[in-house]
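First comes the structure, then the notes that go with it.
The values are calculated or read from the model by the stated rules, or taken from the named source; none is laboratory data. Computed from a prediction, not measured in an experiment: that's the story for all the values here. Backbone-built Cβ (ideal geometry, glycine too); neighbour counts: all protein chains shown.
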Amino acid sequence: FGFISYTNLPPGMVIGIAIIAAIPGGAVSNIFTFLARGNVPLSISITALTSFACLVTTPLILEFLVADFMPADFSMPAGQVAIEIGFCLLVPLLLGMSFLKKYPQYAQPFSNFCVRGSLLGIAIIVLGSLGAGRINFSYTTSTDLVLLSMFILSLTIAGIFVTKTFSLRGPERTAIEMEVVVRNVNLGLLIKVSLFPTLAGQPNPLADMVLLSLLLYGGWQLIMGFVFIVWHRRLVD
């Protein structure tokens, strides 16, 4: 809220940041925690708890943060957002937990496959959006892009500050820092579609800016995730 209030960002980028703030971590944060030698059970537990909580918190956070930036005739589809989160986030999570319990020997390879599939899906969305002209950097400025990068840096610093304040051990710090920074961008894209349904032949610069913000954050979080992996592995070694 403070970041949105004290930066003069365009409405589309504000909505994108609000969506990022409202979504939990996901499988990618769990994998990154594993690669960084963090506390994987803690990471999975945080992901599960925040995934259940976001059924309620995500519509509320979005309503609170973005209501002033939406068109006058806009109505927050809170019920639709909650249902889509349930079907597209919680159902796969429960299936994954069941798979882990029944086939623990295959859980890690299957998880890696799912993460790669998720990244491939984002890549397809990027290419498709570029081809359709929905990713247009003319809607933004270099200052806006710098401020967006500052947002992820502020999340990174906040995660480090919290873990240092409570004097957590290394593996626990790694798990929490990953959960703070690495968000479920796929879910963010789903929420974007719920808020701004695509209509053939009708351009929507506001929706395109939201899409651009989410995809840029997705790229930035991968970079920060790899930085965390290298940093924490060196601390362990």
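Observations
- Filtered residue count, the stretch 145-184, keeping only those that are at pLDDT below 85, of a type in the set (A, V, I, L, M, F, W, C) and not in a helix (DSSP H, G or I): 1
- So SER51, is it within 24 Å of ARG116 (Cα to Cα) and crowded, with 24+ Cβ neighbours inside 10 Å: no
- Any hit, the stretch 169-176, residues being among the basic types (Lys, Arg) and over 16 Å from the mean Cα position of the chain (by Cα): yes
- Selected residue (criterion: modelled with the lowest pLDDT) from residues of the stretch 1-17 that are among the hydrophobic types (A, V, I, L, M, F, W, C) and over 16 Å from GLY218 (Cβ atoms): PHE1
- THR50 falls short on exactly one of the conditions (1) modelled with pLDDT of 80 or more; (2) touching a Lys or Arg at 6+ places or on another chain (Cβ under 9 Å), and that condition is (2).
Results for (1) hydrophobic (A, V, I, L, M, F, W, C); (2) surrounded by fewer than 16 Cβ atoms within 10 Å (Cβ to Cβ); (3) not in a helix (DSSP H, G or I), shown as yes or no for each residue.
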{"position": "ALA18", "(1), (2), (3)": "yes, no, no"}
{"position": "PRO24", "(1), (2), (3)": "no, no, yes"}
{"position": "THR47", "(1), (2), (3)": "no, no, no"}
{"position": "GLY86", "(1), (2), (3)": "no, yes, no"}
{"position": "LEU94", "(1), (2), (3)": "yes, yes, no"}
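- Residue within the stretch 151-162 that is within 24 Å of TRP231 (Cα to Cα) and more than 19 Å from the chain's Cα centre (by Cα) present: yes
- Qualifying residue in the stretch 57-66 (condition: farther than 20 Å from TYR217 by Cβ and surrounded by fewer than 17 Cβ atoms within 10 Å (Cβ to Cβ)): yes
Here is a yes/no grid of residues against (1) farther than 30 Å from PRO205 by Cα; (2) of a type in the set (Gly, Ala, Ser); (3) modelled with pLDDT of 85 or more:
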site: ILE31; (1), (2), (3): yes, no, no
site: ALA67; (1), (2), (3): no, yes, no
site: MET70; (1), (2), (3): no, no, no
site: CYS88; (1), (2), (3): no, no, no
site: LEU93; (1), (2), (3): yes, no, no
site: GLY96; (1), (2), (3): yes, yes, no
site: ALA107; (1), (2), (3): yes, yes, no
site: VAL126; (1), (2), (3): no, no, no
